[in-house]
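Have a look at the structure below before the remarks.
The values are calculated or read from the model by the stated rules, or taken from the named source; none is laboratory data. Since this is a predicted model, take the numbers as computed values, not measurements. A quick note on method: Cβ atoms are made from the backbone with ideal geometry, for glycine too, and the neighbour counts reach across all protein chains shown.
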């Protein structure tokens, strides 16, 4: 049993309302329901759970497990693994869910009825090579109901996702037309396509290119329709799911980077021989366990196969810190939130703004975090100026930051 926790700031001690079986809450979605009642919907592991927040206190209601029950994480290839979700714009109680293995589904949040929209058995267009999707990831829904979704890789499943670091980019961004039920490829050869977000006027769609530490933009209207460019690049980490509102965009970093914690994936493109060597080592390490598992399926070989190829293998390399970047719709960074002492968990993969709080999901944590937002960060005011202050004490890994604002000073 793991905890669903609330915190008013990254450095506050967690307040846990109730122990519930939560594992790797990758994605979140929510909407405001007035000044005194808000509803937050989350995808927790393999289960859809609706959280109704009245006066800031969450109550839990399990909606449905999707599509099957599971016993452990290594069963995800058989029982599925949801990664992305978005509230449907066509029906109030409808949720669009993306499962890494099972494709894209629409789920009725009241009845639990599910319908598949996109299957992994379809051969979809690509720029040069048409192929079946392998690793479904994220989703955004337009006002007319059309769905924009990403495939992180067409070469590897989530259980073999470590290999995507060493392979050539094969991620894609698609548009699914709800009326014609057809998929149109908008971008191809993305270096692990991830989060998706539509601009408020739906003039363009954004997609995280995680291993390139950048966000790409595809224009949907006007003279530049279906042309693409780089919305922002050089992010200090690996961007994951995107969530936007009228003022700007939340960009959580699954893995944050700095001078002391460089990113392994940024070194790989420049050393093709090492990439090839690492890819072959992983393949050879999996081979004997694959052979044994085919002849005699058992929990031990299944666990080894999961550990070798899954991103979980690299968890020991990831610093215990959380970073969420706030941007406006022109691509300008207007602020950021940082948890540097480990109390906020390890990484954030989705951030959703509901009321005065930012709710954080993470594929690496076993709780859902809640952070009270500073006022200027929500409205999109210019980022404060940061000045590093050194201590007389022994040098820490992170210096204290003094925030200089118009209305006074404070510390992060």
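Details
Yes/no per residue for (1) assigned to a helix (DSSP H, G or I); (2) modelled with pLDDT of 95 or more; (3) surrounded by fewer than 24 Cβ atoms within 10 Å (Cβ to Cβ):
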residue: 140; (1), (2), (3): no, yes, no
residue: 160; (1), (2), (3): yes, no, yes
residue: 179; (1), (2), (3): no, yes, yes
residue: 185; (1), (2), (3): no, yes, yes
residue: 196; (1), (2), (3): no, yes, no
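- Residue check, residue 213 touching a residue at least 12 places away in the same chain (Cβ under 8 Å), in contact with a strand residue (DSSP E or B) (Cβ under 9 Å, 6 or more places away or on another chain) and surrounded by fewer than 20 Cβ atoms within 10 Å (Cβ to Cβ): no
- Test: residue 353 is under 14 Å from residue 252 (Cα atoms), out of contact with any strand residue (DSSP E or B) (no Cβ under 6 Å at 6 or more places or on another chain), outside any loop (DSSP other than H, G, I, E, B) and touching a residue at least 40 places away in the same chain (Cβ under 8 Å): yes
- When the residues of the range 222-238 are filtered to those that are without any contact (Cβ under 8 Å) to a residue 12 or more places away in the chain and in contact with a strand residue (DSSP E or B) (Cβ under 9 Å, 6 or more places away or on another chain), the one that is surrounded by the most Cβ atoms within 10 Å (Cβ to Cβ) is 224.
- Candidates 123, 129, 106 - the one that is under 20 Å from the mean Cα position of the chain (by Cα), farther than 18 Å from residue 194 by Cα and modelled with pLDDT of 90 or more: 106
- Check on residue 241, on the phi < 0 side of the Ramachandran plot, in a loop (DSSP other than H, G, I, E, B) and surrounded by 24 or more Cβ atoms within 10 Å (Cβ to Cβ): yes
- Residue 337 part of a strand (DSSP E or B), in contact with a strand residue (DSSP E or B) (Cβ under 9 Å, 6 or more places away or on another chain), more than 19 Å from residue 246 (Cβ to Cβ) and at pLDDT 85 or above: yes
- Looking across the range 295-321, just one residue is farther than 30 Å from residue 262 by Cβ, free of Cβ contacts under 8 Å to residues at least 40 places away in the same chain and touching a helix residue (DSSP H, G or I) at 6+ places or on another chain (Cβ under 6 Å), and that is 301.
- Residue within the range 299-319 that is touching a strand residue (DSSP E or B) at 6+ places or on another chain (Cβ under 6 Å) and surrounded by 14 or more Cβ atoms within 10 Å (Cβ to Cβ) present: yes
- Residue list for the range 357-380, restricted to those being at pLDDT 85 or above and either assigned to a loop (DSSP other than H, G, I, E, B) or in contact with a helix residue (DSSP H, G or I) (Cβ under 6 Å, 6 or more places away or on another chain) (or both): 373
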